[in-house]
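The values are calculated or read from the model by the stated rules, or taken from the named source; none is laboratory data. This is a predicted model, so every value here is computed, not measured. So basically every Cβ, Gly included, is an ideal-geometry build from the backbone, and we count neighbours across all protein chains shown. Heavy atoms of the whole protein, side chains included, go into the accessibility calculation; ligands, DNA and RNA do not. Shrake-Rupley method; radii C 1.70, N 1.55, O 1.52, S 1.80 Å.
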Amino acid sequence: NIKGQQPPHHHPTMQPLRLDTSDPIVIQRRMELQGGERNKIGSPLHRRRVELEKVERADSQDTAPNSPDMSFFDQGKITGAAGYDRLSANRQNLTKVNVSPGPRGREIAEEAGATFRRVLVTGPRKIIAEESEACLQLSHALKARQKYIEDNPDHHTIWEKKIMAGCLKDNSHEPEYEEPVPWTERKFPPKSKHTYEMKEGVFVVADNKGNKFEAHSVDEYFADYKELMEIISFGPCKTFSYNRLRVLEARFQLHLLLNDHLELIQQKGVSHRDFYNVRKIDNHVHHSACMNQKHLLRFIKSQVKKYPKDIVQKTKDGETRTMEQIFDDLNLTPYDLSIDTLNMRAEKTFHRFDKFNQKYNPIGQPLLREIFLKQNNYTKGKYLARLTKEVFDDLESNKYQFAEYRISIYGRKTDEWETLAAWIVDNKLWSKNVCWMIQVPRLYKLWKKLGIVQSFQQMLDNIFRPLFQATVDPASYPKLSCFLEQVIAFDSVDDESQRERGYFQGMPLAHEWDMPDNPPYSMWSYYMYANITVLNKLRLSKGMNTFTYRPHAGEAGDIEHLAATFLVANSINHGINLYHSPVLQYLYYLAQIGISISPLSNNLLFCKYEDNPFPRFFRRGLNVTLSTDDPLMIHVTKEPLVEEYSVAAQVWKLTSTDLCEIARNSVLQCGFHPKFKAYWIGEKYMKEGPEMNDVARTNVPDIRVMYRSELLNEERAYVDHAQMEILAQMKQKEAEEKRSKRENPIFKMEKEPVARKNGGSVVGKVVEPKTNNWVRQEKEGKKQDADVSPNQ
C-alpha cells in the first residue's frame, strides 16, 4: 500500500494518459471538475495550473506524443482519468520546476514534505509465540542498558532542558566562543567536604551528610552482561532481528524510489546551505595523527631550518643533543626529506596492528616521534604544541569542520594528569572548533611486565584518583581543573584482535587481578564506566561539567566487546563487527547508539572497503557517521574529513541528502556544548520527529527525518506490542494456575479472625494441611472441619 496522494475516485481499469493540456475539451472538462472560486485568475491554483501547462507543453514539443483517445471522456470515465492526470501533473511539476531559493522554494519544499509517499505493511496482526518471546528478550536488554545510562549523569541534559524552555533568546547568530580564563586569574571554589576512597576497583564518594555516590555493582553488571550474551545467542531473537533489519533496508530502498526527487526539491528550496557548509564533526580522530603527511613534512623542515641549535634530547649519560646533531646522525638534511622518506603511510598493514603503530615513527625513528609527536619529552612538547596550533588554524579557516581530538593517559603514575594539563594550559591549546577526549590504552599487561604497576586496581587508581582530587579541591590543582572543563569524554583503546580470556564465573576482580594477563574487555568496560559514573555524580553535585564514555569497540575481536559497550557506553567507535550479530545490530538501532565508523582506516587494518558494513547500517537506520581515525597514515588531502565523505559518496553512491544526514548524525553524537548544537542543527534537536530538524541549518529534508522517525517508532512499538502479548499470556497462565491451585482439594480455607483497622472484619486464610487426613476423611464421607467446604 502506498499512503500519500491518491487519485480521487480512481477507477481500477483506468490507465495513465498524457493529456494535451492545450486541447479545448480537456480545458473545459478540467474547468467543470475544478470549477468555482478556486479557478479565479490569480488564485494559487490558477497560477500553479498555468505553470503546469507550460511544463507539459514544453515536454510535449520535445517528445511529440500521439493525441490521447478522447473516447474515455465520452464514456463517463472523465472523473478517474482527470484525477489521475492532475496527480501525475502535480508530481511532474515537483520534479521539473526549477525551485529557486526564497518563499516560493520554501512553499514547494513544505508541500513536498507534507505529501511524501509512505510504504505501509498490512496484513494479519497476529504475532506468533516465537516473535513475542524474542521481543520480550529484546525489551529486557533495552531496559538493562537504560538502567546504566540513566545512572550516569550528563550535564548536557540540564542545558538541553533549558534550551527547550527557551533560554536561547536569539538563535539566529552563532553563540560566541568563550576562551578559558587563565588559571592565574581564576578564583577557585574552596575544598569541599567530600571523602573518597577506592573499594574493589571503584571509587566511592561520601559527603558530610552521609550521602554516597556509587555505581551499580560489578556483580549486577556481570549478571546483566551474562543475560545479554544469552539473548544474543537465543535463536528466535536472531531470526526476528535479522528479518526486521532486512525489512528496514528494503523499506529504505522503496523510500528512495518514491521520494528521492521530493527530497532533492526540498534541498533546493533551502537558501545558502549545501553539504560543504553544514557542520561536520570528526568524532573519532587521534591527536598525534591529526595532521596529514604533507603538513608534518613541512613542519619538520621548517623547525630544522629555524631552530637547528635547539636542545631536543638528553641521553641516559646526561649528554644533551641538538636538532642539528640528530639529523646529522641520520645523514639527512631538510632538503632530503620527502613523503617517501617519512614513510608514514600505512601500507601492507592488513591484520597487522603492530606494523600500523610503527608508522607513527617518522623515517622509522622512535626518537623523531618523541621529539615532534609527544608532549611528555625533554622540550615539554613545544614542537607538538606548535604543530597543534597550525592544525587548529586550518580547522578555524574552514568554519564548518570540527574535531574531537583524543590524547592519552596511560595509567603508569598519577602525575600524568598534571603533566598533560600543564602542556595544554601553558600552550593555550584551545579552539572553538576542537574538544578534547581522553583515551586510555589497555596496556596493563605491559606495565605489569615492566613492574610499573602491581595490580589492575593500581592502574585504575593512577587513572582516576587525580580527577577526584581536582574535583574536590580545584584550588590545589588549578591547571588540571582548567583542563577538565575542556574534556568531554573518555575512550578505551587498544588492539581488539589480541586474544583474551572472556568472562567466566569466579573471575578475579580488579583488586584481585595481579596476574600478568590483560583483563578482558568486559571488565575494562565496567571499571571505566563505574568510575566515570561516580566522578560525574560528584562533579554534577558541585555544578561542574561531566564526561561520557565513548570507547573503541567492534573493530576486531569478539562480539562480547559490543555487548559490553551496549550496556554502558554512550556511543562507540568503529563497530563494524555488529554485522556479525543481527541481535546486537537491531538493539543498537532501537537504542540509537552512536557509531563513528572509519572505512578508510578499516580498509588498511581489518575490513576491505567494499566489504565495510557502513552503507548497510546507514540504510537500516543505525545512528552512524564517518570519521578519519588517523589522517597522518591514511589521508592525503588538507581536509581529511571531506576526503572520507568524498570516497564514501563515490563508492557507495551516496546522495547529497545522505551526506548531510551523516553529517547531522556526527553533530548528534559529539560532545560540544548544547548551545552550539542548537545553532548548528536546530533548537529542538533532542526531540524526535520532524520538529527535531531544521532543514535550513542541516540541509536534511524533513521528509528524510520524518521517514527515519516514523520507522524507528514503528519498530519500537512493534517490539512493545509483541512483548505485551506474551506478558498478557503469562499473566493469564499465572492466573489460571492460581485458580486451579485454589480449586485443588489439597488446599483448604480456614476462617481465622484477622483484626483490621477498618472495623475488625474477618477474612479467610489459605493454609497448607500438615497431613492428608482431610482427603482420606473426605473420601469416607467425613469432614474434618464442618465450617469449611472444599469449594471455599
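Local charge for Met692 was computed over the other residues whose Cβ lies under 13 Å away, with Lys and Arg +1 and Asp and Glu -1, and equals -1. Taken per residue, the accessible surface of segment 593-640 reaches 25 Å², heavy atoms only and a 1.4 Å probe. For the Cα trace of segment 306-425, dividing Rg by the Kirkwood Rh returns an Rg/Rh value of 0.98. Here the spin labels are modelled as points 7 Å beyond Cα on the Cα-Cβ line, and at Lys161 and Glu347 they lie 5.7 nm apart.
Per-peptide packing, taken as the mean over residues of other Cβ atoms within 10 Å, places 353-359, 559-565, 117-123, 486-492 in the sequence 559-565, 486-492, 353-359, 117-123 from highest down.
Computed with a 1.4 Å probe over protein heavy atoms only, the accessible area of Tyr503 comes to about 70 Å².
The local environment of Ala223, defined by Cβ-Cβ distances under 13 Å, has a net charge of -3 under the rule Lys, Arg +1 and Asp, Glu -1. Near the amide H of Val205, within less than 5 Å, lie the amide hydrogens of Phe213, all on another chain or at least 5 residues away, with H placed in the peptide plane.
One compactness figure for segment 475-584 is 1.22, namely its Cα radius of gyration divided by 2.2 N^0.38 Å. Computed from label points 7 Å out along Cα-Cβ, the spacing between Lys305 and His580 is 5.0 nm.
At 1.4 Å probe size, put Ser408, Ser233 in order of accessible surface, largest to smallest.
Working: Ser408 20, Ser233 75 Å².
The most accessible residue leads, giving Ser233, Ser408.
From the P(r) of segment 439-491, could you give the percentage of C-alpha pairs in the tail past 13 Å? Roughly 66 percent, once rounded to a whole number. Calculated on the alpha-carbon coordinates, the convex hull of segment 536-662 measures out at 138 cubic angstrom per residue.
With Kirkwood's inverse mean 1/r over C-alpha pairs for Rh, give me the Rg to Rh ratio of segment 116-163, two decimals please. Checking Rg against Rh, the ratio lands at 1.24.
Diagonalise the Cα gyration tensor of segment 242-303 and give the resulting equivalent ellipsoid semi-axes, square root of 5 times each eigenvalue, largest first, whole Å.
Output for segment 242-303: semi-axes of 41, 21, 9 Å.
Using a probe of 1.4 angstrom, how much of the accessible area of segment 467-624 is carbon and sulfur, in percent? Looking at segment 467-624 in its full context, I get 43 percent from C and S. Convex hull of alpha carbon positions in segment 463-531: directionally averaged projected area 6.3 nm². Peptides 245-255, 205-215 ranked from most to least packed by the mean count of surrounding Cβ atoms within 10 Å: 245-255, 205-215. Karplus-based coupling profile of segment 706-718, in residue order and whole Hz: 5, 4, 4, 5, 5, 5, 4, 5, 4, 5, 5, 5, 4, with θ = phi - 60° in 6.51 cos²θ - 1.76 cosθ + 1.60 and x standing for Gly or Pro.
Which FRET efficiency value, to the nearest 0.05, do you get for Ala129 and Val181 by plugging their Cβ-Cβ distance into 1/(1 + (r/R0)^6) with R0 = 56 Å?
About 0.35, to the nearest 0.05.
With a Förster radius of 25 Å applied to the beta-carbon distance between Asp336 and Arg386, the computed FRET efficiency rounds to 0.65. Any idea what % of Cα-Cα pairs in segment 400-507 are farther than 24 Å? Tail of the P(r) past 24 Å holds 33 percent of the pairs. The stretch between Asp354 and Lys226, if pulled fully straight at 0.36 nm per residue, gains 42.9 nm over its current Cα-Cα span. Backbone amide hydrogens, once placed in the peptide plane, bring Asp282 within less than 5 Å of Phe402, Ala403, Glu404, excluding anything fewer than 5 places away on its chain. Between amide H atoms placed 1.01 Å from N, distances below 5 Å from Gly594 occur with Ile572, all of them 5 or more places distant or on a separate chain.
In the assembled protein chains, Ile158 presents an accessible area of approximately 80 Å² (probe radius 1.4 Å). Accessible-area rank, largest first, for Arg619, Arg742, Arg550: Arg742, Arg619, Arg550, with all protein chains present and a 1.4 angstrom probe. Using the Karplus relation 6.51 cos²θ - 1.76 cosθ + 1.60 with θ = phi - 60°, the per-residue 3J(HN,Hα) values for segment 216-232 come to 4, 5, 5, 5, 5, 4, 5, 5, 5, 5, 5, 5, 5, 5, 5, 5, 4 Hz, with x marking Gly and Pro. Stretched out straight at 0.36 nm per residue, the stretch from Lys193 to Leu168 would grow longer than its current Cα-Cα span by 5.5 nm. Here the simple spin-label model places points 7 Å from the Cα toward Cβ, and for Met515 and Glu214 these points are separated by 2.8 nm. From most to least packed by mean Cβ count within 10 Å, the peptides 180-192, 421-433 give 421-433, 180-192.
Note that segment 523-531 has calculated 3J(HN,Hα) couplings of 6, 4, 4, 5, 6, 5, 4, 5, 5 Hz, one per residue in order, obtained from phi through the Karplus relation 6.51 cos²θ - 1.76 cosθ + 1.60 (θ = phi - 60°); glycine and proline are x. For Thr637 and Leu257, FRET efficiency with R0 = 45 Å and r from the beta-carbon atoms, rounded to 0.05? Once rounded, the FRET efficiency stands at 0.85.
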